[in-house]
Structure formats: C-alpha cells, structure tokens
Amino acid sequence: MKFKIAAGVTAAVVIAAAGAASAHHSFAMFDQKAPKNITGTVAEFQWTNPHAFIEIDVPNAAGQPERWSVELNSPNNLKRQGWKRTSLVPGDKTTILIAPLRDGKKGGLFVGLTKADGTVLGDPTMKAGVTTNVSRPGA
C-alpha cells in the first residue's frame, strides 16, 4: 500500500513539473503572422540562459539608430544548430527576420538572419528566400 501511495505522489510531482516546464514561456507576445526584416548593426550578442538575445541598432526614418532586442532560443539549442558564442560580434552588419512584438515595442522573436557576408543563421530556408512573403536582403 505504501508503495502505491509513493508511486502516486511521485507521478503527481512529475506531471506537475512537466506542466510547469512546458508553460515556462508563451509566444503570444510575438506576432508570428506578420514577420518583419530589420537591418542594422549588432550592438551585443548575449549568450545567456534561458534565452540568448541580439541587441541591434536599426536606423529609423531619420537615420538615427534605435535599439531593437531580438530573443533567440537557449544557448544549448543554438549550439546544436551550429551557433557559437562568437557567431555574432558587435559591429556585424546583419538583416534579421523576426516575429515582432505585438505591443509595437522594438523587439521580436528570432526567425533567421543574413550577415553582410551572406552567412545565414537560423531558418535555413532564408537562403532560398521562401520562409515568408517578407522581402529578403538583396532581393
């Protein structure tokens, strides 16, 4: 009897932990149906848990830089996708495809990027230009 109770308690704890882990982050704050390209200069690449970030300065209509914050996956997942802590460095020119924040703030969820030298990171279909109907750099 004690074994059944212990097994039941253990199962309940595992189920509760799994539910909490899967609910750790919602993507509702990003408009994934309205992808957007931003082009600018990398100010900082934060290789941090639980999510890496790209801080990028994007010129506004007046040509003045505005800081955008782009959220990526965890460094562990990025590493498995071929990323390194040094994949981006301050000063890199890049175009990043994002799912923008719904509230209009300057930020979004990373989809893929193309560096000035043509290197593509993220969504591999960006090379073919078929990810979305968003215009591609150089297209």
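The values are calculated or read from the model by the stated rules, or taken from the named source; none is laboratory data. Just so it is clear, the structure is predicted and the values come from calculations on it, not from any experiment. Don't worry about glycine lacking a Cβ; one is built from the backbone with ideal geometry, like all the others, and counts go over all protein chains shown.
A few points about this structure:
- Out of Thr114, Thr94, sole residue that is surrounded by 12 or more Cβ atoms within 10 Å (Cβ to Cβ), under 22 Å from Gln46 (Cβ atoms) and at pLDDT 95 or above: Thr94
- Condition met for Ala128 (on the phi < 0 side of the Ramachandran plot, modelled with pLDDT under 95 and small (Gly, Ala, Ser)): yes
- Looking only at segment 44-77, and only at residues there that are under 12 Å from the mean Cα position of the chain (by Cα) and of a type in the set (Asp, Glu), the one that is nearest to Phe110 (Cα to Cα): Glu71
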